[in-house]
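K.L.:
Pasting in a structure now, in structure tokens, and then I'll have a few things to ask.
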Amino acid sequence: MASRAILKSVVPCTGRVSHNIQKSSLRAFSTVKPSRQQAPVNEQSTPAEALKDLVPPSNASLKKPIWRAVAEAAEPITPYNMSIGRLLAAGLHLGHSTSLWEPATLPFIFGTREGISIINLEHTLVYLRRACNVAREVAYRGGNILFVGTRPGFQDLTVDAARRCEGYHVSTKWIPGTLTNAHQVLGRHATPDPNDPGKAPQTFKPDLIVLLNPLENNIALAEAQLNTIPVIAITDTDYDPRRVTYPIPANDDSIRGVELVAKVISTAAKDGALRRKQLLDKKDKEARFTRGER
């Protein structure tokens, strides 16, 4: 009705409107949305060409999923912006049943609820930051960091943490003798010396071990103690924290929580390695400057 009223005001009622003017006027006031511009259809085009016009070009920008856009826009987790809220969201406050309680974890327990020990995340945050400082200093001094996570579901996050800081990882079963009998266990996989093939290949020991599930890796922990290698480990309420060098009281059954801890520690180690690289580059430039080189 509105389009007819506008059409009458434009064209006098006594005049005779031609078929072309009426068709064009009605098209102008049609209900088609102006944002959707339809491409002219060629009547002589084949069905294949018509379908080709509907396919967007390869260089067209595609919309990202909402979860990916939010993840990219979120602030990356680092040891500097870690908070109790993020630890709580990852479920690191949930301990084991009180029937499995280890008395040595009493200073780290906030209380119990429905037969489950609740870990005090204030202590978790403090001990996690201390572990990050240790990993950063080891990487800053050029040390090797080994991440060990052999529990099902920990393999991928263990590999990602090691790759993030250019470290090493053990994501499958820990082979006994990896540290105490390294020449026999690791020597078979080491690359021989090209100058002296008959010489036994040289193996190296890690300067720091990060144990994500120490309950299943007692052999690795014993070998680290024999070789005086410091160990960072996630200790739940059923594990004695005095057995490791730098314990982190937290839930070791939450994959999301363990991934958070491994990511924060590897990020700190990456920061230390970056600082070491910058320091070496600075010393190299100063040495060249003293020699008169450019």
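The values are calculated or read from the model by the stated rules, or taken from the named source; none is laboratory data. Remember, it's a predicted structure, so these values are computed and weren't measured experimentally. Glycine also receives a Cβ, built like all others from the backbone with ideal geometry; neighbour counts cover every protein chain displayed. Accessible surface areas use protein heavy atoms only, side chains included; no ligands, DNA or RNA. Shrake-Rupley method; radii C 1.70, N 1.55, O 1.52, S 1.80 Å.
K.L.:
How high is the FRET efficiency from Thr78 to Phe204, r the C-beta distance, R0 25 Å, rounded to 0.05?
P.N.:
FRET efficiency, Thr78 to Phe204: 0.30.
K.L.:
Here's a follow-up. Return the loop-located chymotrypsin sites (Phe, Trp or Tyr not before Pro) in the stretch 116-176 (DSSP other than H, G, I, E, B) with at most 13 other Cβ atoms within 10 Å of their own Cβ; answer none if there are none.
P.N.:
When the chymotrypsin sites (Phe, Trp or Tyr not before Pro) of the stretch 116-176 are filtered for loop state and at most 13 Cβ neighbours within 10 Å, nothing remains.
K.L.:
Another question, if that's okay. Taking the Cβ of Arg256 as the center, what net charge do the other residues with Cβ under 11 Å away carry, scoring Lys and Arg +1 and Asp and Glu -1?
P.N.:
Taking every Cβ under 11 Å from that of Arg256, the sum is 0.
K.L.:
Compute, for the stretch 109-196, the length of the dipole vector about the Cα centre, with Cβ point charges of +1 (Lys, Arg) and -1 (Asp, Glu) only. Units Debye, rounded to 20.
P.N.:
180
K.L.:
About the Cα centre of the stretch 241-294, how large is the charge dipole given +1 on each Lys and Arg Cβ and -1 on each Asp and Glu Cβ? Please answer in debye to the nearest 20.
P.N.:
Dipole about the Cα centre, nearest 20: 360 debye.
K.L.:
Let me ask something additional. For all pairs of alpha-carbon atoms in the stretch 66-170, what percent lies in each bin of width 5 Å, listed from the first bin to the last filled one?
P.N.:
So the P(r) values, bin by bin, are 2, 10, 14, 16, 21, 19, 12, 5, 1, 0.
K.L.:
Over what distance in Å are the Cα centres of the stretch 91-136 and the stretch 230-244 separated?
P.N.:
The stretch 91-136 and the stretch 230-244 have Cα centres separated by 10 Å.
K.L.:
Given Cα pairs under 8 Å that are at least 6 residues apart, what percent is the relative contact order of the stretch 126-273?
P.N.:
Working: 258 pairs, mean separation 47.8, N = 148.
Across the stretch 126-273, relative contact order equals 32 percent.
K.L.:
Calculate, for Asn133 and Glu166, the FRET efficiency according to 1/(1 + (r/R0)^6) with r their C-beta to C-beta distance and R0 22 Å; round to the nearest 0.05.
P.N.:
0.70
K.L.:
How far apart, in nm, are two points set 7 Å out from the Cα along the Cα-to-Cβ line at Leu100 and at Ile175?
P.N.:
Modelled inter-label distance: 3.0 nm.
K.L.:
While we're on this one: First compute the accessible area of the stretch 155-294 with a 1.4 Å probe, then give the percent of it belonging to carbon and sulfur atoms.
P.N.:
Numbers: 4160 of 8310 Å².
Result for the stretch 155-294: 50 percent of the exposed heavy-atom area is carbon or sulfur.
K.L.:
Under 5 Å between amide hydrogens, which residues at least 5 positions from Asn144 or on another chain qualify, with H placed 1.01 Å from N in the peptide plane?
P.N.:
Asp207, Leu208
K.L.:
Once you list every other residue whose beta carbon is under 15 Å from the beta carbon of Val185, what net charge do they have if Lys and Arg are +1 and Asp and Glu are -1?
P.N.:
Surrounding charge for Val185 is +2.
K.L.:
In 5 Å bins starting at zero, report the fraction of Cα pairs in the stretch 80-142 per bin as a rounded %.
P.N.:
4, 16, 23, 19, 15, 11, 7, 3, 1, 0
K.L.:
May I pose another question? May I ask for the net charge around Leu121, where only other residues with Cβ less than 13 Å from the Cβ of Leu121 are counted and Lys, Arg are +1 while Asp, Glu are -1?
P.N.:
+1
K.L.:
Normalise the Debye intensity by I(0) for the stretch 188-294, one equal point scatterer per Cα, no solvent, then take log10 at q = 0.10, 0.14, 0.15, 0.17 Å⁻¹ and round to two decimals.
P.N.:
For the stretch 188-294 at q = 0.10, 0.14, 0.15, 0.17 Å⁻¹, log10 I(q)/I(0) is -0.51, -0.79, -0.84, -0.92.
K.L.:
Further, regarding this structure: How far is the Cα center of the stretch 270-291 from the Cα center of the stretch 188-215, in Å?
P.N.:
Using only Cα atoms to place each centre, the spacing works out to 27 Å.
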